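None of the figures in this text is laboratory data; all of them are computed from the coordinates on show. What you are looking at is a predicted structure, and each value in this text was computed from that prediction instead of being measured. In this analysis, Cβ positions are derived from the backbone assuming ideal geometry, glycine residues included, and neighbour counts consider all displayed protein chains.
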Amino acid sequence: SQTIHQWPATLVQPVGSPLSLECTVEGTSNPNLYWYRQAAGRGLQLLFYSVGIGQISSEVPQNLSASRPQDRQFILSSKKLLLSDSGFYLCAWSLSTDTQYFGPGTRLTVL
Amino acid sequence: SQKIEQNSEALNIQEGKTATLTCNYTNYSPAYLQWYRQDPGRGPVFLLLIRENEKEKRKERLKVTFDTTLKQSLFHITASQPADSATYLCAPGAGSYQLTFGKGTKLSVIP
């Protein structure tokens with residue numbers, strides 16, 4: 001069966017510091033991968049998605065970036081965090097364009 | 001622009017009753033609509049997908065309807081239990097990688 005991992009589970013970072021969140025999927029090949037952010041009281045916002053290694057599509061202009069160095073690895077990064085980057089970050093995978101399967105999430109607090 | 005509205009931010013219901021959640025969409029022609037469940041501090045979990053040519057779909061105590069004329073989906077939980085308390089998200093889709101989620105309805109089932 002397929003599983004998705006995200007780490008860390010929680011993170012507290014100062015403004016201006018770098019960020020690296022990692023997501024890995026097991027039990028499937030060539031998945032579509034997604035990064036979402038869920039801010040308090042707001043819905044899920046799609047940040048990036050990837051349909052293959054090295055292929056990244058950005059949905060929202062921001063100071064975040066994503067990379068997919070391996071088939072089942074998706075990384076979310078920032079060079080300098082802003083207060084507004086605080087939120088719940090979710091990675092998801094799918095094999096088609098419909099059902100997505102989400103990871104446990106990373107709670108990021110920027111102080 | 002595309003818009004998704006879920007009937008209310010919060011819904012309280014007595015245990016044993018049927019909970020009905022509404023998802024309305026505008027400026028959309030979805031080929032299918034999905035419902036997800038999200039518990040606090042967790043990622044969403046896929047529940048059901050209903051396609052545009054299906055009027056109704058059932059899974060155990062869950063029932064989903066899809067009316068493309070009204071641009072609406074109804075999500076029912078029969079014989080509700082306290083364990084059903086969670087936030088429920090709808091997500092209309094049309095074959096694109098960019099899946100847009102509603103903000104969700106927080107359901108509380110009171111014993």
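Quote the convex hull volume per residue of chain B, based on C-alpha atoms, as a whole number of Å³. Each step should come with its number before you reach the end.
On the way: hull volume 10.8 nm³, N = 111.
Considering the Cα atoms of chain B, their hull volume per residue is 98 Å³.
Using θ = phi - 60° and the Karplus relation 6.51 cos²θ - 1.76 cosθ + 1.60, list the HN-Hα couplings for the range B:72-84 in order, rounded to whole Hz, with x at every Gly or Pro.
For the range B:72-84, the Karplus curve yields 8, 10, 10, 10, 10, 10, 8, 6, 4, 10, x, 5, 7 Hz.
Calculate the dipole size of chain A relative to its Cα centre from +1 charges on Lys and Arg beta carbons and -1 charges on Asp and Glu beta carbons; express the result in debye to the nearest 20.
Working: 7 positive and 6 negative charges, 61 e Å.
Around 300 debye, computed over chain A.
Using +1 at the C-beta of Lys and Arg and -1 at the C-beta of Asp and Glu, which of A:VAL25, A:SER96, B:THR18 has the Cα lying farthest in the positive direction of the dipole of the protein assembly as shown?
Of the listed residues, the answer is B:THR18.
If you take every residue apart from A:PHE74 with its C-beta less than 15 Å away from the C-beta of A:PHE74, what net charge results, scoring Lys and Arg +1 and Asp and Glu -1?
Within the 15 Å Cβ shell, the charges total -1.
Net charge near A:ASN32: determine it from the other residues with C-beta under 14 Å of the C-beta of A:ASN32, scoring Lys and Arg +1 and Asp and Glu -1. Let's see the in-between values first.
Details: positive: A:ARG68, A:ARG72; negative: A:GLU59, A:ASP71, A:ASP98.
Result for the neighbourhood of A:ASN32: -1.
Residue by residue through the range A:12-24, which ³J(HN,Hα) values in whole Hz follow from phi under the Karplus form 6.51 cos²θ - 1.76 cosθ + 1.60 (θ = phi - 60°), with glycine and proline marked x?
10, 10, x, 4, x, 8, x, 9, 8, 10, 10, 9, 10
Stokes-Einstein at 10 °C, 1.306 mPa s, Kirkwood radius from Cα pairs: D for the protein assembly as shown in µm² s⁻¹?
For the chosen part, D equals 87 µm²/s.
What size of dipole, in debye to the nearest 20, comes out for the protein assembly as shown about its Cα centre when the only charges are +1 on Lys and Arg C-beta atoms and -1 on Asp and Glu C-beta atoms? Please list the in-between numbers first.
Details: 21 positive and 16 negative charges, 38 e Å.
I would put it at about 180 debye.
As I understand it, the dipole of the protein assembly as shown uses +1 on the Cβ of Lys and Arg and -1 on the Cβ of Asp and Glu, about the Cα centre. Which of A:GLY105, B:PRO30, A:GLY87 lies farthest toward its positive end?
With unit charges placed on the Cβ atoms, the residue in question is A:GLY87.
With a cut-off of at most 16 other beta carbons within 10 Å, and DSSP calling the residue loop, which GluC sites (Glu not before Pro) in the range B:22-87 qualify? Please list them. Working shown, then result.
Working: sites: B:GLU52, B:GLU54, B:GLU56, B:GLU60; in loops: B:GLU52, B:GLU54, B:GLU60.
Filter output for the range B:22-87: B:GLU52, B:GLU54, B:GLU60.
Just how large is the dipole of the range B:4-69 about the Cα centre, in debye to the nearest 20, putting +1 at every Lys and Arg Cβ and -1 at every Asp and Glu Cβ?
Numbers: 10 positive and 9 negative charges, 58 e Å.
Dipole magnitude for the range B:4-69 comes out near 280 debye.
Quick one: net charge of A:LEU44's neighbours, Cβ under 9 Å, K/R +1, D/E -1? Intermediate values should be presented prior to the final figure.
Working: positive: A:ARG37, A:ARG42, B:LYS103; negative: none.
Within the 9 Å Cβ shell, the charges total +3.
Please count, across the protein assembly as shown, the pairs of lysine residues with Cα atoms under 24 Å apart that sit 8 or more places apart or on different chains.
Lysine pairs satisfying the spacing and distance rule in the protein assembly as shown number 26.
Within the range B:95-111, list the residues whose amide N lies under 17 Å from a label point set 7 Å along Cα→Cβ of B:ALA10.
The answer is B:103-111, whose backbone nitrogens lie closer than 17 Å to the label point.
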